[in-house]
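Below you'll find the structure, written out as structure tokens, and then a few comments.
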Amino acid sequence: MTAPEILYMIVPCYNEQEVLGETSAQLKAKYTCLIENKLISPESRIVFVNDGSKDETWNIISKLHEDEPQFFSGINLAHNSGHQNAVLAGLMTVRELCDMAITMDADLQDDINTIDEMVKKYYEGNQVVYGVRSARKTDTFFKKFTAEGFYKFMKLMGADVVYNHADFRLMSKRVLNELADFQEVNLFLRGMIPLIGFQSCNVYYERHERFAGESKYPLKKMMSFAINGITSFSTKPLKFITGLGFIMSILSVCAFIWAFIAKFGGFSELGWSSTMCSIWLIGGLQLFCLGIIGEYVGKIYAEVKHRPRFIVADFLNNDKNQNQ
Ligand code: UDP
Ligand code: MG
């Protein structure tokens with residue numbers, strides 16, 4: 001077998017002081033095992049990305065790096081940039097240093113034991129290995145319903161996402177280099193990676209409950225994430241407006257004819273309520289459609305400005321601490 005390759009784990013952290021102790025201990029044990037089994041090189045690292053946390057997260061990460069630089073690295077973002085940007089910041093910062101990278105949440109919901117299988121699949125020639133949830137036993141009914149509905153809706157809208165796959169995945173250096181060419185500001189990684197292509201496969205795991213702390217994705221954030229996913233990957237909502245406009249035009253012709261018949265038939269007194277209803281209905285529909293168009297205009301606005309998606313304040317790696 002060829003020499004084991006370098007694996008970097010990217011773990012985004014936003015106010016995760018409660019879980020970092022356990023997560024780092026479990027990841028370290030996993031790395032030790034993988035290195036002993038010659039599956040990964042001893043130069044592999046676990047990189048915690050601090051996404052502008054307000055608690056002790058960055059201090060804990062710095063301490064981990066200080067005590068065991070052979071395992072832990074840290075990236076400190078200048079401010080909170082959101083989960084997707086934090087993941088990208090990690091990937092783009094380490095892409096020159098690794099052969100493959102795995103992204104994983106800090107809260108131990110993704111099964112660490114899946115990493116072995118992911119790495120093996122990488123050696124079999126897969127450039128992307130998607131971690132897919134086989135069951136959602138620990139999710140509440142509401143979370144399961146909304147999440148699975150979201151994947152189905154995305155498919156219906158024409159976006160190519162892997163069903164029940166979140167952001168637990170392995171990517172090769174080659175894929176990371178391709179990802180670097182995607183300049184979009186509205187990030188939706190689970191839609192972007194399948195676009196890159198190359199040989200890929202799924203590994204299945206059971207999702208656990210969050211080890212400690214609270215979800216950093218309240219319903220509002222989840223909704224805006226879903227809307228971002230749909231509007232970033234599909235123009236079907238715009239086509240839907242065109243279709244709706246077409247149907248409304250046909251209906252209005254019918255209404256017009258009916259109004260004429262009513263007028264000349266002598267029963268035109270009819271209809272205060274129907275007039276009111278149609279005004280409200282059409283007004284509501286118009287606003288709704290304007291809102292959808294507005295979503296896209298807002299996107300174009302953000303893309304045109306092309307602001308940096310994240311700003312790295314510090315990168316702690318080995319003993320050379322680089323300030324950027
Ligand atoms: N996270 C982040 N920045 C944010 C929000 C979340 O880096 O602005 C991280 C968070 O620390 C965690 C991951 O993203 O590692 C997923 O968040 P969470 O577990 O709260 O989401 P859920 O699993 O409930 O969907
Ligand atoms: Mg979570």
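The values are calculated or read from the model by the stated rules, or taken from the named source; none is laboratory data. Note that the coordinates shown come from a computational prediction; the quantities given were computed from them, not determined experimentally. Don't worry about glycine lacking a Cβ; one is built from the backbone with ideal geometry, like all the others, and counts go over all protein chains shown. The accessibility values were calculated without ligands, DNA or RNA, using every heavy atom of the protein model including side chains. Shrake-Rupley method; radii C 1.70, N 1.55, O 1.52, S 1.80 Å.
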Of the GluC sites (Glu not before Pro) in region 187-272, those whose Cβ has at most 15 other Cβ within 10 Å and which sit in DSSP loop:
209, 214, 269
Label the chain by shape, choosing from rounded, prolate and oblate, from the square roots a ≥ b ≥ c of the eigenvalues of the Cα gyration tensor; if a/c is under 1.5 it is rounded, and otherwise prolate applies when a/b is larger than b/c, oblate when it is not.
prolate
May I ask you to compute the full-extension gain from residue 290 to residue 204, defined as 0.36 nm times their residue separation minus their alpha-carbon distance, rounded to one decimal in nm?
26.9 nm
Taking Cα atoms only, helix 219-233 is inclined relative to the longest principal axis of the chain by an angle, in degrees rounded to 10, of 80
Degrees, to the nearest 10: 83-94 long Cα axis against longest axis of the chain
40
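Translational diffusion coefficient of region 164-292 at 37 °C, 0.692 mPa s, Stokes-Einstein with Kirkwood Rh over Cα pairs, in µm²/s as a whole number. Intermediate results must be reported in sequence, preceding the final value.
Values: Rh = 20.1 Å.
Once the numbers are plugged in, D ends up at 163 µm²/s.
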Between residue 168 and residues 5 or more places away or on another chain, which pairs have amide H atoms under 5 Å apart, with H built 1.01 Å from N, and which residues are they?
131
Residue among 142, 310, 260 with the largest mean-square fluctuation in a Gaussian network model of the chain, springs linking Cα atoms under 10 Å
260
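In debye, nearest 20: dipole of region 225-324 around its Cα centre with unit charges on the Cβ of K, R (+) and D, E (-)? Please report the intermediate quantities before stating the final value.
Values: 8 positive and 5 negative charges, 43 e Å.
Dipole about the Cα centre, nearest 20: 200 debye.
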Using modelled backbone amide H atoms (1.01 Å from N, in-plane), which distant-in-sequence or interchain residues come within less than 5 Å of residue 41's amide H?
5, 6, 7
Unit charges on C-beta of K, R, D, E only; dipole of the chain, Debye
1260
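Counting alpha carbon pairs within less than 8 Å and at least 6 residues apart, what relative contact order, in whole percent, applies to region 25-144?
Working: 88 pairs, mean separation 27.0, N = 120.
Relative contact order here is 23 percent.
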In degrees, nearest 10, range 0 to 90: what is the angle between the Cα axis of helix 141-156 and the longest Cα principal axis of the chain?
70
Leaving out ligands, DNA and RNA but keeping every protein chain, what accessible area does residue 65 have, in Å² rounded to the nearest 10, with a 1.4 Å probe?
10
Farthest toward the dipole's positive end in the chain, which of 153, 34, 256, given Cβ charges of +1 (Lys, Arg) and -1 (Asp, Glu) about the Cα centre?
256
Charge-dipole axis of region 103-230 as Lys and Arg at +1 and Asp and Glu at -1 on Cβ define it, positive-most pick from 201, 229, 118
229
For region 1-134, what is the charge dipole size about the Cα centre, in debye to the nearest 20, if Lys and Arg each add +1 at the Cβ and Asp and Glu each add -1 at the Cβ?
300
Using θ = phi - 60° and the Karplus relation 6.51 cos²θ - 1.76 cosθ + 1.60, list the HN-Hα couplings for region 293-304 in order, rounded to whole Hz, with x at every Gly or Pro.
4, x, 4, 5, 5, x, 4, 4, 4, 5, 5, 5
If you count only protein heavy atoms with a 1.4 Å probe, what accessible area per residue comes out for region 162-213, rounded to a whole Å²?
41
Relative packing of peptides 158-170, 6-18, 283-295 - highest average C-beta neighbours within 10 Å first
6-18, 158-170, 283-295
Just to confirm, what accessible area per residue do you get for region 1-85 at 1.4 Å probe, in whole Å²?
41
Within the chain, what whole-number % of the accessible surface is contributed by carbon and sulfur, with the 1.4 Å probe and all protein chains included in the calculation?
62
Probe 1.4 Å, all protein chains in place: accessible area of residue 267 in Å², nearest 10?
90
